[in-house]
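First up is the structure itself, then whatever we jot down about it.
The values are calculated or read from the model by the stated rules, or taken from the named source; none is laboratory data. From a predicted model like this one, the values you see are computed outputs, not experimental measurements. Glycine also receives a Cβ, built like all others from the backbone with ideal geometry; neighbour counts cover every protein chain displayed.
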Amino acid sequence: MFFNDMVMIFIGSLILIIGVLIGVAFLTLLERSVLGYIQIRKGPNKLGMVGILQPFSDAIKLFTKEQIYPSFSNYLIYYFSPVVSFILSLFIWVLIPYFFNMVSFNLGVLFFFCCTSLGVYSIMIAGWSSNSNYALLGGLRAVAQTISYEVSLALIFMSSILMIMDFNMMNFYFYQKLVWLILVMFPLFLCWLSSMLAETNRTPFDFAEGESELVSGFNVEYSSGGFALIFLAEYSSILFMSFLSVVIYLGGYNLTFFFYLKLVMMSFLFVWVRGTLPRYRYDKLMYLAWKNYLPISLNFLVLFLGVKIFLV
């Protein structure tokens, strides 16, 4: 019995990973097509019908290119940090409260914070081990940015947890059957959105890979498979953060067409922001994180704590 369970969990995990990778592939296609429309040009439209095979072509191209190693890089760490980054981004997907043979556990939120906090180490080490000044600067920026944002992100999340008084993701669905949490805490949802963009290193907070200042940031020395893995990790975390936003604020996790529509809309928001907003100035980001979001999230936390005590 135990062996059968383990086999089923393994098969379930394999299906999950394949599903995430296909989702990531088509998210990149969506992004390139939408950016094409925003900039009034054609996106990828040659390979297959309306460019539907483009992601697979990109994957084959990236993984078959020659891998170049900088002579003075710290070889082993340089080689493995993209792999660790990718594994961590896939690891968080265990959190989804599956309706079949997979893991569902009561401390999901804590697990999410552990994984996202570990994610910054892979960026920092990727930048440092390349032994390039631009890459090192990108890594240092990523660390400062993540530390700044994770504090407010955790406090914003805490307000939602206070409303349901549980760390299990599934309970967000039961508590939002009558009213979505976005209606109760709309200002916090807006803070969550921008913190989410910073957490996934996306425009307008992509300082770790600021092309205009750092050539390409922490991944400047990576080519071929290493670059592809960093790319996959970023888009996998975008997809997961979109999923998390839907679970917390937009009605919770239920396997309906409407749920997937909300998920696609949240992912589309990342692309939309990238196409319309310029990069923020680095010191202004720090000011925003510590002087604005931290007091706002703390005040809302105290407010919801008072509401919860009053109602109980």
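Matching residues to (1) under 25 Å from the mean Cα position of the chain (by Cα); (2) assigned to a helix (DSSP H, G or I):
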{"site": "D5", "(1), (2)": "no, yes"}
{"site": "G36", "(1), (2)": "yes, yes"}
{"site": "P44", "(1), (2)": "yes, no"}
{"site": "A59", "(1), (2)": "yes, yes"}
{"site": "F72", "(1), (2)": "no, no"}
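Suppose we keep only residues that are at pLDDT 85 or above and not aliphatic (A, V, I, L, M) within region 153-168. Which one would you say is farthest from F304 (Cα to Cα)?
The residue in question is F157.
When the residues of region 1-52 are narrowed to those that are of a type in the set (D, E, K, R) and in contact (Cβ under 8 Å) with a residue 60 or more places away in the chain, which ends up nearest to F240 (Cα to Cα)?
Going through the qualifying residues, I end up with E31.
Condition check: more than 30 Å from W128 (Cα to Cα), among the polar types (S, T, N, Q) and modelled with pLDDT under 85. Does N45 satisfy that?
Yes, satisfied.
It is to be established whether one or more residues within region 110-128 are in a helix (DSSP H, G or I), more than 21 Å from the chain's Cα centre (by Cα) and free of Cβ contacts under 8 Å to residues at least 40 places away in the same chain.
No - not one qualifying residue is present in region 110-128.
Is there a residue in region 52-70 that is on the phi > 0 side of the Ramachandran plot and surrounded by 13 or more Cβ atoms within 10 Å (Cβ to Cβ)?
no
Could we say that R281 is basic (K, R) and touching a residue at least 40 places away in the same chain (Cβ under 8 Å) here?
It is false that R281 is basic (K, R) and touching a residue at least 40 places away in the same chain (Cβ under 8 Å).
Checking L255 against (1) within 18 Å of the chain's Cα centre (by Cα); (2) over 26 Å from M124 (Cβ atoms); (3) not aromatic (F, W, Y), which single condition isn't satisfied?
(1)
Conditions tested, residue by residue: (1) more than 17 Å from N292 (Cα to Cα); (2) within 18 Å of the chain's Cα centre (by Cα); (3) surrounded by fewer than 16 Cβ atoms within 10 Å (Cβ to Cβ).
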{"residue": "N133", "(1), (2), (3)": "yes, no, yes"}
{"residue": "L153", "(1), (2), (3)": "no, yes, no"}
{"residue": "I164", "(1), (2), (3)": "yes, no, no"}
{"residue": "M170", "(1), (2), (3)": "yes, no, no"}
{"residue": "L183", "(1), (2), (3)": "yes, no, yes"}
{"residue": "L188", "(1), (2), (3)": "no, no, no"}
{"residue": "R202", "(1), (2), (3)": "yes, yes, no"}
{"residue": "F205", "(1), (2), (3)": "no, yes, no"}
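Return the residues of region 203-260 that are at pLDDT below 85, in contact with an Asp or Glu (Cβ under 8 Å, 6 or more places away or on another chain), of a type in the set (S, T, N, Q) and assigned to a helix (DSSP H, G or I); say none if nothing qualifies.
Within region 203-260, N219, S224 meet the criteria.
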